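One structure is given below, encoded as structure tokens.
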Amino acid sequence: LTLRKLIGWPGLLLPFLVRLLAWSYEPSLSDYYYTRSGVLFIAVCSLMGAFLISYRGYEKKENEAFSDNLVTWVGGIFILLVVAVPTPLDCDGCPCPTPICHQDKWLGIIHFASAALFFVVMGYMSAFHFVRGDNFNDAKKRRNVVYRIAGFGMWAILVATGLLLWLTDIKSSFAHFIFWVEVALLILFGASWLVKSKALQKVGL
């Protein structure tokens with residue numbers, strides 16, 4: 001339960017902590033890597049990756065494709081890739097503010113793909129693995145509603161974001177579009193893990 005809280009709370013609070021520390025409004029959460037919040041961004045994402053890789057949940061049953069451990073292990077690798085391959089520095093001619101920075105298109109694709117796949121995997125974990133159990137009482141049924149909303153919600157946001165980026169020029173009219181997409185994704189991610197950790201039992205979850 002403690003490990004689940006150590007995954008849920010950092011995910012939920014990360015967007016607000018990095019913005020508060022940097023005291024700036026960046027286009028995306030990943031852009032805080034190049035601000036004074038960079039150390040916090042790296043530390044939180046790295047810890048989340050380590051906690052996910054070390055997580056032990058239910059073993060795989062005969063009718064299931066993956067164990068909890070395999071799903072969280074893959075998710076942990078993806079979030080570590082987000083840190084290891086940072087977003088491109090969007091500033092031509094600016095000095096590099098960190099030991100690692102780049103403006104390479106393909107490295108940027110790896111970064112964004114890793115972030116998207118992290119939420120794909122975590123959405124799957126929430127919608128299909130967290131809902132399992134033996135005692136389906138009223139509280140468990142309520143928790144399962146939250147898990148499914150969080151899991152399918154992450155997928156829906158990713159699909160909607162992809163379509164908007166492909167079909168419209170939304171980033172030009174809304175410079176912080178990606179940041180708020182990431183906030184929504186992390187709220188769903190964090191809420192799912194906190195419910196699983198029983199941190200919200202006092203509100204009936």
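Details
- If you go through region 155-183 and keep only what is open to solvent by 80 Å² or more (accessible area, probe 1.4 Å), within 16 Å of Phe112 (Cβ to Cβ) and of a type outside the set (A, V, I, L, M, F, W, C), you end up with just Lys171.
- Assessment of region 119-132 against the conditions (within 22 Å of Gly11 (Cα to Cα) and of a type in the set (S, T, N, Q)) yields at least one matching residue.
- Among residues of region 13-23, those that are open to solvent by less than 30 Å² (accessible area, probe 1.4 Å) and without any contact (Cβ under 8 Å) to a residue 40 or more places away in the chain, counted: 2
- Meets criteria (more than 16 Å from Thr98 (Cα to Cα), hydroxyl-bearing (Ser, Thr, Tyr), free of Cβ contacts under 8 Å to residues at least 24 places away in the same chain and surrounded by fewer than 19 Cβ atoms within 10 Å (Cβ to Cβ)) for Ser46: no
- Being of a type in the set (Phe, Trp, Tyr), over 30 Å from Lys61 (Cβ atoms) and surrounded by 15 or more Cβ atoms within 10 Å (Cβ to Cβ) is not true of Phe118.
- Checked against (1) assigned to a loop (DSSP other than H, G, I, E, B); (2) under 14 Å from Phe118 (Cα atoms); (3) aliphatic (A, V, I, L, M), Leu52 passes all but condition (1).
- With respect to the conditions (1) over 30 Å from Gln201 (Cα atoms); (2) open to solvent by less than 50 Å² (accessible area, probe 1.4 Å); (3) part of a helix (DSSP H, G or I); (4) in contact (Cβ under 8 Å) with a residue 40 or more places away in the chain, Glu26 lacks only one, and its number is (3).
- Residue-level analysis places Gly38 outside the set of residues that are buried (at least 17 other Cβ atoms within 10 Å of the Cβ), in contact (Cβ under 8 Å) with a residue 24 or more places away in the chain, touching a Leu at 6+ places or on another chain (Cβ under 6 Å) and not basic (Lys, Arg).
- Test for Ser54: is it out of contact with any Asp or Glu (no Cβ under 7 Å at 6 or more places or on another chain), among the hydroxyl-bearing types (Ser, Thr, Tyr) and open to solvent by 50 Å² or more (accessible area, probe 1.4 Å): yes
- Among the conditions (1) open to solvent by 40 Å² or more (accessible area, probe 1.4 Å); (2) more than 27 Å from Ala175 (Cα to Cα); (3) within 17 Å of the chain's Cα centre (by Cα); (4) of a type outside the set (Asp, Glu), the only one that Lys60 does not satisfy is (3).
- Qualifying residue in region 65-83 (condition: open to solvent by 80 Å² or more (accessible area, probe 1.4 Å) and either among the basic types (Lys, Arg) or more than 20 Å from Phe118 (Cβ to Cβ) (or both)): no
- Residue ID - farthest from Val71 (Cα to Cα), chosen from residues in region 121-154 that are assigned to a loop (DSSP other than H, G, I, E, B) and open to solvent by 10 Å² or more (accessible area, probe 1.4 Å): Asn137
- Note on region 189-205: among residues that are open to solvent by 30 Å² or more (accessible area, probe 1.4 Å) and not in a helix (DSSP H, G or I), the one that is modelled with the highest pLDDT is Lys198.
- Residues that are in contact with a Phe, Trp or Tyr (Cβ under 8 Å, 6 or more places away or on another chain), outside any helix (DSSP H, G or I) and among the β-branched types (Val, Ile, Thr) within region 63-103 comprise Thr87, Thr98, listed in sequence order.
The values are calculated or read from the model by the stated rules, or taken from the named source; none is laboratory data. Keep in mind that what you see is a predicted model, and the values were worked out from it rather than measured. So basically every Cβ, Gly included, is an ideal-geometry build from the backbone, and we count neighbours across all protein chains shown. Accessible surface is based on the protein model in full, side chains and every heavy atom, while ligands, DNA and RNA are left aside. Shrake-Rupley method; radii C 1.70, N 1.55, O 1.52, S 1.80 Å.
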